[in-house]
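Everything on this sheet refers to the single structure shown next.
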Amino acid sequence: MGTYIDRSNADFTCKFCGIYVTSHSVISGVNHRNHCPNCLYSRHLDLYQAGDRLCACRGMMAPVGLTTKNITDKYNRNAFGELMLVHYCLDCGAFSINRIAADDDNFTLLSIFETSLSDYNSFRQTEKLHDIDILREEDRQMVESRLLGSSTVILPEYVCA
């Protein structure tokens, strides 16, 4: 009898930026890794649920925005769920959301948020976006707090000698 090897969550080389990506959950903090922590590009792998790897498309998915996972909290109408990454398939035009992994680059995530602010209206007119609410300017403080640990970013000054 042959040995079964689970390839549904295997390490990979990013098809966009070329770096080697480990899918080990101890490093990434997620169980089903399919996006690069450096450039945040993904592959269109899942069809029905995270990790099923049943999608035939296999196209490149560009990171296009951030959203929050829908939660129901009857005591706090302003509650935000987990911060999630929105991907757009460059081949078939589908949108999907992915968990942000522990090793994802926070400044790249913030850059994607900034870019999505100018692209917001074009995404809202897309039928395939369905019920994904891409975060907007009024969500900036929450996004910065979740990614950077505070609502204000203080960058060090560099002095040339």
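Might you report the magnitude of the Cβ-based charge dipole of the range 12-148 about its Cα centre, with Lys and Arg at +1 and Asp and Glu at -1, to the nearest 20 debye?
On the way: 14 positive and 17 negative charges, 67 e Å.
Here the size comes out at about 320 debye.
Output needed for the range 12-148: three equivalent-ellipsoid semi-axes, defined as square roots of 5 times the C-alpha gyration tensor eigenvalues, in descending order, whole Å.
Numbers: eigenvalues 102, 63, 48 Å².
Ellipsoid half-lengths, sorted descending, are 23, 18, 16 Å.
Between D133 and N31, 0.36 nm times their residue separation minus their Cα-Cα distance comes to what?
The span from D133 to N31 would gain 34.3 nm if fully extended.
Compute the relative contact order of the range 12-148 as a whole-number percentage, counting only Cα pairs closer than 8 Å that sit 6 or more residues apart in sequence.
Worked out over the range 12-148, it gives 21 percent.
Counting Lys and Arg as +1 and Asp and Glu as -1, what is the net charge of the other residues whose Cβ lies under 9 Å from the Cβ of L40?
Numbers: positive: none; negative: D104, D105.
That sum, taken over residues with Cβ under 9 Å, equals -2.
Computed from the coordinates by the stated procedures, all read-outs in this text should not be read as laboratory data. Note that the structure is predicted; figures quoted are calculated from it, not measured. Positions of Cβ are generated from backbone atoms using ideal geometry, with glycine treated the same way; all protein chains shown enter the neighbour counts.
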